[in-house]
Amino acid sequence: MGYDYLALKSLTLHGSVTGFGNQIGVGKESNIYTVGDEEGNPLCLKLHRLGRVCFRNVKEKRDYHGKRHKMSWLYLSRISATREYAYMKALYDRGFPVPRPVDFNRHCQLYDGLMNLIVRLGNCGVIHGDFNEFNVMITEEDQRPILIYFPQMVSTSHPNAEMYFDRDVHGVRDLFRKKFGYESEEHSKFSDLEREDELDREVLCSGYGFTQEMEEDLHKEYHQEG
């Protein structure tokens with residue numbers, strides 16, 4: 001329900017939804033509710049629930065996920081909603097007899113995108129180490145995250161890698177709690193990582209004169225300051 005709250009808060013801030021009514025439909029993949037806009041017009045709100053579907057069947061029947069190996073219900077539901085909205089808008093703009101698309105939530109997309117970014121880094125063998133609201137910039141145009149500040153980056157082979165990973169995840173959750181009043185039970189885990197690259201080893205062997213011992217000294221200093 002926390003994810004639903006974040007979506008509703010965003011749609012309310014946009015003025016797309018100002019009143020929430022009864023549930024009028026329940027399916028394997030979504031719940032449908034009556035809502036109202038600023039002018040009191042009745043609308044339908046669809047909240048996707050792909051977590052109810054067997055994930056093996058989802059992987060067989062959907063092409064949302066591309067080459068991803070591990071997919072959370074959060075990721076699948078967000079992709080499903082975004083994809084449906086895009087197709088419905090394109091069809092509506094061409095005069096097809098489909099419902100008029102009003103809005104869809106972008107903050108949920110941002111939350112999932114940041115969590116996926118942490119996992120993507122991990123799959124390359126590195127952990128940012130200081131992933132928080134001060135080191136992530138969000139573009140105004142398309143809500144795209146830009147990651148900055150890399151002195152505390154560590155290898156996923158570091159003895160405390162899981163602790164650093166969890167700290168980065170907490171940084172994202174803390175950001176959304178402070179900025180949107182939202183706390184999610186769904187989040188990335190160190191066990192989600194599947195190494196696909198050797199970025200950490202590449203940096204150590206890059207010829208920049210940066211050794212494993214120097215890396216350990218640097219992180220000891222940061223740890224003492226923190």
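Nothing in this text is a laboratory measurement; each read-out follows from the coordinates by a stated rule. All values reported here derive from a predicted model rather than from experimental measurement. Methodologically, a virtual Cβ is constructed for each residue, glycine included, from the backbone with ideal geometry; neighbour enumeration extends over all protein chains shown.
Going by amide H atoms built from the backbone, whose H comes under 5 Å of the H on residue 44, apart from near neighbours?
Long-range HN contacts for residue 44: 35.
Quick one: if the Förster radius is 45 Å, what FRET efficiency do residue 31 and residue 203 give, using the C-beta to C-beta distance and rounding to 0.05? Working shown, then result.
Numbers: r = 46 Å, r/R0 = 1.03.
About 0.45, to the nearest 0.05.
Counting other Cβ atoms within 10 Å, keep those with at most 14, restrict to DSSP loop, and tell me which chymotrypsin sites (Phe, Trp or Tyr not before Pro) in segment 111-145 are left.
On the way: sites: 111, 131, 134; in loops: 131, 134.
In loop regions of segment 111-145 (DSSP not H, G, I, E or B), the sparsely surrounded chymotrypsin sites (Phe, Trp or Tyr not before Pro) are 134.
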